[in-house]
Amino acid sequence: PICEMEALSVVNLVDAVRAQDKDAQIAVVGDFNAMPTDMAAKALRDKSLGGLISAYELRPGAGKGSKEDDDGDDDAASGKGDRRKYLTHSFVLEDKPGKPIERTIDYILLSPSLFKRADRGSFFVLSVPKPANPGSDKPAGYASDHNPLAVDLKLGAKADAAKPAAAPAAKPGAK
């Protein structure tokens, strides 16, 4: 599939940059059109490939034994935790106008060196309200069918002296 080929192209680009500078601060962001469990999204997070870390690992409560754990798959896709907080895409099918399809297909992925500069608990998905539009196929309450993602990063000379966030521990058997 196209998404998987595109993801592997991005992996190659990330690897090329990191071959020149192993501590390169890299962010890969956007609409991947892939759920967290799909190969296109997993390839960039796989330690033997892209080795990037999802900003979902920086959401409030991640890694603290909460329902929003940091297992590498986001809670929106797995059904754990408060899944609605982390949905990034919503649309309505013509034959089911009353029930929007909601999923997580948008990401912020960070190299380990950039992840260390991120503020724990700062990741969020912003739902953008808008009035209902009777002629639109978009669900009421959204300015777009994709919601913006955000994470706070400490950059610049002052950030060099700041205490970095720890990268998430690898799970046994994880790549």
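The values are calculated or read from the model by the stated rules, or taken from the named source; none is laboratory data. Keep in mind that what you see is a predicted model, and the values were worked out from it rather than measured. We place every Cβ from the backbone using ideal geometry, glycine too, and count neighbours over all the protein chains shown.
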Positions within the stretch 12-55 being crowded, with 16+ Cβ neighbours inside 10 Å, of a type in the set (Val, Ile, Thr) and in a helix (DSSP H, G or I), in sequence order: Val14
Residue within the stretch 55-73 that is under 13 Å from the mean Cα position of the chain (by Cα), within 16 Å of Phe115 (Cβ to Cβ), at pLDDT 85 or above and of a type in the set (Asp, Glu) present: yes
Breaking point among (1) of a type outside the set (Asp, Glu); (2) modelled with pLDDT of 65 or more; (3) closer than 27 Å to Cys3 by Cα, for Gly121: (3)
